[in-house]
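The values are calculated or read from the model by the stated rules, or taken from the named source; none is laboratory data. Given the structure is predicted, the values throughout are model-derived calculations rather than measurements. Because the Cβ atoms are built from the backbone with ideal geometry, glycine has one as well, and the counts that use them run over all protein chains shown.
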Ligand SMILES: Cc1cc2nc3c(=O)[nH]c(=O)nc-3n(C[C@H](O)[C@H](O)[C@H](O)COP(=O)(O)OP(=O)(O)OC[C@H]3O[C@@H](n4cnc5c(N)ncnc54)[C@H](O)[C@@H]3O)c2cc1C
C-alpha cells in the first residue's frame with residue numbers, strides 16, 4: 001500500500017499537518033500523510049475553540065458543519081472580584097468537536113489526493129551524507145520501512161521529535177510553556193451563555209495563565225486552565241481548576257472528560273527549516289503566545305509550508321535556503337504579532353493582582369461597542385496611573401502606538 005518514495009511526506013495528522021499535505025497535493029505533489037495514532041482526532045487535547053474568519057479559507061461553510069457545537073460572538077473577561085468585560089471580537093469563534101473536526105480536515109487532504117495512513121509512526125530521519133533529510137524510517141501498521149521523499153514536513157505537535165532529530169532547538173523555557181488541563185463539565189444550564197467565550201484571569205485563579213469556559217451546549221462546556229510552566233512548581237493546574245469550579249459553578253458536579261497537555265508559547269522556533277525538512281504548527285511553537293490557540297495558526301503555517309515545498313521541489317532545490325521562503329512568509333505575516341503577544345503575556349504574568357482587577361473593573365463600565373481603544377487607554381491611564389509603567393512595555397512591543 002505504501003510506496004518507496006513520495007515528493008512530500010507530512011508527519012502528524014493534526015490541523016497543521018492535514019493542511020500542509022493538502023496544499024502540497026493541490027500543488028501537484030505526490031504526498032503521504034502519516035499519523036501514529038489508530039484514529040485521527042483522538043485523544044483530544046484542546047479547548048476546541050478557533051476563530052471563524054481565517055479558518056474559512058480552508059474549510060467551506062463552517063457554521064453549518066456537523067462538528068460545530070456552538071458559535072460564540074462575544075468574549076467576556078472576568079477578574080477575581082466578579083467584574084466582567086464583554087467584548088465583541090472581530091470574528092466569531094467556533095467551538096467544535098475536534099474528534100470529528102480533525103478527521104474532516106484530514107479527509108479534505110485525502111480528497112485532494114493525499115495518501116493518509118494511521119498507525120504509521122515516524123521513528124527517525126533518513127539523511128544523506130551532508131545531513132539533508134531525504135526521508136523517514138517509519139513503522140507502518142507494525143512493519144518497519146524506509147520511505148524516501150524530497151521534503152519532509154514535521155507537524156508532529158508539541159512533543160515534536162522530528163524538529164529535535166533535525167537539530168532544531170525545540171525545548172521551550174518553562175516561562176514559555178503553558179501547562180494545561182480541561183474538564184468537559186455538564187450541569188451548567190442557566191449558568192453560562194452559549195454565545196460567549198468566557199475567560200477568567202488573576203493570580204489566584206490561574207498563576208501566569210487563565211481559565212476558559214467554552215460552551216459546547218446550553219448545559220455543557222469545556223472548562224480549562226493554563227498556568228505558566230515556571231509557576232507550576234508546588235501547585236497544580238488541576239487543583240486550581242477544581243477550586244475554580246467549586247467557587248464559580250458549585251452546582252456542576254459531573255465531569256464527562258478530561259484532557260491535559262503542555263503548549264509551547266515562545267511565538268515560534270528560531271529556525272523553521274533545515275535541508276529537506278520544514279516544521280509547522282505546535283512542533284514549530286506557532287500557537288498564539290497569549291491564548292495558546294494553535295489550530296488556525298497551524299493551518300496557515302501548513303498552507304505556507306505545503307505550497308512552498310511544492311515550489312521548491314519544482315525548482316529542484318530543497319535546501320534550507322530555498323525552503324526558508326516558507327519561514328519568511330510566516331514571519332512577515334505573524335512575526336511582529338507573535339512577539340507583541342508574548343510581551344503582553346509576560347507583562348500580564350508580572351502585573352500586580354490589584355491593578356489587573358482594577359483594570360477589568362474600570363473596563364466593565366465601558367460600552368465596548370462605542371468606545372475607541374485609544375479613548376479607553378487614555379481613560380484607563382487616568383484612573384490607573386500605575387498602568388503607565390506597563391504601557392511602556394506595550395508601546396515598545398508595538399502593540400499600541402506612541
Ligand atoms: C489543554 C489544551 C487546550 C487547548 N485549547 C485550544 C483551543 O481552544 N483552541 C486552539 O486553537 N488551540 C488550543 N490548544 C492548542 C491546540 O490543540 C494545538 O495548537 C493544535 O492542535 C496544533 O495542531 P498541530 O497540527 O500542530 O498539532 P497536533 O494537533 O498536536 O497534531 C500532531 C499530530 O502528530 C501526531 N504525531 C506525533 N508524533 C508522530 C510521529 N512520530 N509519527 C506520526 N505521527 C505523529 C500526533 O499523534 C498528532 O495527531 C490547546 C492545547 C491544550 C493542551
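For the range 329-355, the set of residues classified as assigned to a helix (DSSP H, G or I) and within 15 Å of residue 210 (Cα to Cα) consists of 341, 342, 344, 345, 346, 347, 348, 349, 350, 353, listed by residue number. Return yes or no: is residue 113 outside the structural domain of residue 318 (by TED's automatic domain parsing) and on the phi > 0 side of the Ramachandran plot? So residue 113 fails the test. With respect to residue 359, is the statement that it is away from the ligand (no atom under 16 Å from the Cβ) and touching a residue at least 24 places away in the same chain (Cβ under 8 Å) true? It is true that residue 359 is away from the ligand (no atom under 16 Å from the Cβ) and touching a residue at least 24 places away in the same chain (Cβ under 8 Å).
Residues in the range 223-240 that are touching a residue at least 24 places away in the same chain (Cβ under 8 Å), more than 16 Å from the chain's Cα centre (by Cα) and over 17 Å from residue 81 (Cα atoms): 223, 229, 230, 231, 232, 235, 237, 238. The condition (being under 26 Å from residue 51 (Cα atoms), over 10 Å from the mean Cα position of the chain (by Cα), outside any loop (DSSP other than H, G, I, E, B) and within 13 Å of the ligand (Cβ to nearest atom)) is satisfied by just one residue among 268, 257: 257.
Taking the condition of being in a helix (DSSP H, G or I) and near the ligand (Cβ under 10 Å from one of its atoms), how many residues in the range 290-315 meet it? Working first, answer last.
Taking the range 290-315 as the starting set, the residues that turn out to be in a helix (DSSP H, G or I) are 295-315.
With near the ligand (Cβ under 10 Å from one of its atoms) added as a condition, the list becomes 295-299, 301-302.
Result for the range 290-315: 7.
Within the range 271-289, the residues that satisfy the criterion of being more than 13 Å from the ligand (Cβ to nearest atom) and either in a strand (DSSP E or B) or touching a strand residue (DSSP E or B) at 6+ places or on another chain (Cβ under 7 Å) (or both) are 273, 274, 275, 276, 277. For the range 224-254, the set of residues classified as within 16 Å of the ligand (Cβ to nearest atom) and part of a loop (DSSP other than H, G, I, E, B) consists of 232, 236, listed by residue number. Of 9, 2, all but one fail to be under 21 Å from residue 162 (Cα atoms), at pLDDT below 95 and more than 9 Å from the ligand (Cβ to nearest atom); the exception is 2.
Check whether at least one residue in the range 184-206 is within 12 Å of the ligand (Cβ to nearest atom), more than 25 Å from residue 355 (Cβ to Cβ) and in contact with a strand residue (DSSP E or B) (Cβ under 9 Å, 6 or more places away or on another chain), and report yes or no. Yes, some residue in the range 184-206 is within 12 Å of the ligand (Cβ to nearest atom), more than 25 Å from residue 355 (Cβ to Cβ) and in contact with a strand residue (DSSP E or B) (Cβ under 9 Å, 6 or more places away or on another chain).
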